[in-house]
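See structure below.
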Amino acid sequence: MWWLPQEEVDWILAQSNEPVCAEFPELKHANPSLVPSPEEEKAPSTMLLYTRVRTCYEEEGKFAKFHAWVRGEYASKGIVEVDCDYFGERAEAIRLSNEAQDECSKTRISLHTASTITFASLR
């Protein structure tokens, strides 16, 4: 077991569980299932937006559980112990996040533009 560095504990505990993009809750409110309509499926930018929003909410759910666990461990022990797999999994998550951002950049689709198109079609 390894102790999580204090800087990382502080960072984790300082994070909110709000969506990364303020527009995501609007899409989820308009379409709670986050499943695009057949018409929306025709637009690659809209499909990318839906995929991104679903992934964001899934990851936020996982992080909320992790956040609660870290908070509990830190409150009860004053430290947070993790196994060595934690650091490998964290590195993999960072790599995947960077790849996803690169993919979005390659398609040259602005998330804001895609979301504006999607929200306009939902109204």
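The values are calculated or read from the model by the stated rules, or taken from the named source; none is laboratory data. Note that the structure is a prediction, hence the values are computed from the model and not measured. Note: ideal-geometry Cβ built from the backbone for every residue, glycine included; neighbour counts use all protein chains shown.
Residues that are farther than 30 Å from Pro25 by Cα, without any contact (Cβ under 8 Å) to a residue 60 or more places away in the chain and of a type in the set (A, V, I, L, M) within the stretch 43-95 comprise just one, Ala75.
Among the residues of the stretch 16-33, which ones are loosely packed, with under 10 Cβ neighbours inside 10 Å and assigned to a helix (DSSP H, G or I)? Steps first, please.
Step one: list which residues in the stretch 16-33 are loosely packed, with under 10 Cβ neighbours inside 10 Å, which gives 16, 22, 29, 32-33.
Within the stretch 16-33, just His29 meets the criteria.
Checked against (1) surrounded by 14 or more Cβ atoms within 10 Å (Cβ to Cβ); (2) touching a residue at least 24 places away in the same chain (Cβ under 8 Å); (3) over 17 Å from Ala93 (Cβ atoms), Leu13 meets all criteria but (1).
Of the residues that sit in the stretch 39-70 and are small (Gly, Ala, Ser) and either outside any helix (DSSP H, G or I) or over 30 Å from Glu81 (Cα atoms) (or both), which one is modelled with the highest pLDDT?
Step one: filter the stretch 39-70 for residues small (Gly, Ala, Ser), giving 43, 45, 61, 64, 68.
Retained after the next criterion (residues that are either outside any helix (DSSP H, G or I) or over 30 Å from Glu81 (Cα atoms) (or both)): 43, 45.
Values: Ala43: 90, Ser45: 86.
Per the stated criteria, the residue is Ala43.
Candidates are the residues of the stretch 71-115 that are farther than 30 Å from Leu4 by Cα and surrounded by 14 or more Cβ atoms within 10 Å (Cβ to Cβ); the one that is modelled with the highest pLDDT is Cys104. Being modelled with pLDDT of 90 or more, touching a helix residue (DSSP H, G or I) at 6+ places or on another chain (Cβ under 9 Å) and not in a helix (DSSP H, G or I) is a description that does not apply to Ile12.
Does Pro36 fit the bill of being assigned to a loop (DSSP other than H, G, I, E, B), surrounded by 12 or more Cβ atoms within 10 Å (Cβ to Cβ), of a type outside the set (S, T, N, Q) and modelled with pLDDT of 90 or more? Spell out the reasoning first.
Numbers: assigned to a loop (DSSP other than H, G, I, E, B): yes; surrounded by 12 or more Cβ atoms within 10 Å (Cβ to Cβ): yes; of a type outside the set (S, T, N, Q): yes; modelled with pLDDT of 90 or more: yes.
Here the answer is yes, as Pro36 does meet what is asked.
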